[in-house]
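Before any comments, here is the structure.
The values are calculated or read from the model by the stated rules, or taken from the named source; none is laboratory data. Please read these numbers as outputs of a predicted model, since none were measured by experiment. Backbone-built Cβ (ideal geometry, glycine too); neighbour counts: all protein chains shown.
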Amino acid sequence: MQEQEHGTPSPAGRLALAFLYALLAACGGATAPGPEAQINAMVRSEWDAYKAANGVSAGGLAVHLVTPRGTYSGAADLGPVDVPNVHFRAASNTKTFTSAAIMLLYQQGMLNIDDTITSVIPRKAIPYVPDTPQYAIPHKSSITIRQLLTHTAGVFDNTNNAVPATCPAPYANQSYLDYVMDVLGQKDHTFTFDEMVGVNATCNVEKAAPGTEYSYSNIGYDLLGKIIERVSGLSYADYVAQKLLAPNQLTQTTMPYLGTDQLVPAPNLVGYDMGDGVTRSFTQDNMSGNVAEGNVISTPAELARWVRLLISGNAGIGPTYVSMMKVCGFPASASCYGMGIFNAPGLGWGHNGAHRGYISLMLYNPDDDVAVVVFSTMLDEDHISSDLGMLQRVASKARQLAGYGGSPGM
């Protein structure tokens, strides 16, 4: 091919280049879709299959990943939503903040996680929990802070279970929260740690002797919330806001604690709850009975940031203490639940959450520096385990489509 002066292609050369550019453009048009398009298609497929299998006609599904190669999101049936920045109730993901608060106080020498809850707080003249009738629960003097963190304290969970019919109280054989809000009609009632733990004391109810089994307990985390307040001198909400949210730039994460604080900040999504074949919307809700164990509201972007910082030892709790959080509280249990976090093999460490209208999962794998958050605006109360399984499956497939290994068998 003969070139003109100054490197300018000849007419024949220009024709050859034009053909080459056309060929490249044609090839580019046939290029396989990128990770985000593939993730969107996967989420759509999973959600359609879920709806068909469970008779669901409301709600939607979304996933958000933060990886070394980029940030990806996918959604189905959520409308024109900015997935990373939409607010929703993250429920029991709250426990990661409570456990982090306890470990931060431990790191600072302000408490000892192997103390019993009746022990005297270091450098204070008061015990970890009040010596009052509301805290006179079974085995009180044998329960340690570590056991509360790992759900091995045997504390009865009166939020997820009806209190025994033998309880000498008008709420016997009912959920205490439902009794107050539905039977008494006090929808705006502000529940307190004293009140929630006091139900167990009044009913003299337990799940098991401390240290004998793994038994998930929201009331155990109410006790931790009370301990945080008595050790720090701050309210639970103020301590978490000042020591965890602000330092980690979690500006869109909130912890409502008043019975009147029932709205999800904008932008948000309507949550749907299905039970006994009936679907209801629950975007507005009283979360004061779930403080320290299920009251957090956040966004996928901030949950991904939080779980990454926490598990990597960069949220204020040092790597030594994070390593302690990863030790299984009850090795004989089917799942490895540590101190406010659990491990999903191949996917990482984190937590999940389910509350009326919303179900979610957040995980971070330090081996490949990938954080993933999956959430749905439909909670099927009759199939929560399968719902959580679906979220974990979506997390695994999204990781794979982004170029990272998932979990075997997913």
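Against the criterion of being without any contact (Cβ under 8 Å) to a residue 40 or more places away in the chain and within 21 Å of N248 (Cα to Cα), L361 qualifies.
In the set (1) outside any helix (DSSP H, G or I); (2) charged (D, E, K, R); (3) crowded, with 23+ Cβ neighbours inside 10 Å, D222 fails one condition alone, (1). Of everything listed in (1) of a type in the set (S, T, N, Q); (2) over 21 Å from G225 (Cβ atoms); (3) in contact with a Lys or Arg (Cβ under 8 Å, 6 or more places away or on another chain); (4) touching a residue at least 60 places away in the same chain (Cβ under 8 Å), the single unmet condition for T283 is (3). The condition of being closer than 30 Å to V278 by Cα and either among the small types (G, A, S) or out of contact with any His (no Cβ under 9 Å at 6 or more places or on another chain) (or both) holds for only one of S333, S323, S396, S360, that being S360. In this structure, does K207 turn out to be of a type in the set (D, E, K, R), at pLDDT 95 or above and surrounded by 20 or more Cβ atoms within 10 Å (Cβ to Cβ)? Yes: the conditions hold for K207. Residue-level check: of (1) in a helix (DSSP H, G or I); (2) modelled with pLDDT of 95 or more; (3) farther than 21 Å from Y321 by Cβ, Y106 misses just (3). Within the stretch 149-175, restricting attention to residues that are without any contact (Cβ under 8 Å) to a residue 60 or more places away in the chain and either in contact with a Gly (Cβ under 9 Å, 6 or more places away or on another chain) or of a type in the set (A, V, I, L, M) (or both), the residue that is farthest from L224 (Cα to Cα) is A165. Quick check on the stretch 78-97. Is at least one of its residues more than 30 Å from L391 (Cα to Cα), surrounded by fewer than 22 Cβ atoms within 10 Å (Cβ to Cβ) and in contact with a strand residue (DSSP E or B) (Cβ under 8 Å, 6 or more places away or on another chain)? So far as the stretch 78-97 goes, no, none of its residues is more than 30 Å from L391 (Cα to Cα), surrounded by fewer than 22 Cβ atoms within 10 Å (Cβ to Cβ) and in contact with a strand residue (DSSP E or B) (Cβ under 8 Å, 6 or more places away or on another chain).
If a residue must be more than 21 Å from the chain's Cα centre (by Cα), surrounded by fewer than 20 Cβ atoms within 10 Å (Cβ to Cβ) and part of a loop (DSSP other than H, G, I, E, B), how many such residues does the stretch 135-181 contain? Total satisfying the criteria: 14. Summed over the stretch 233-261, residues that are over 19 Å from the mean Cα position of the chain (by Cα) and assigned to a loop (DSSP other than H, G, I, E, B) total 8. Within the option set S312, S323, S298, being closer than 16 Å to M362 by Cβ and without any contact (Cβ under 8 Å) to a residue 60 or more places away in the chain holds for one residue only, S312.
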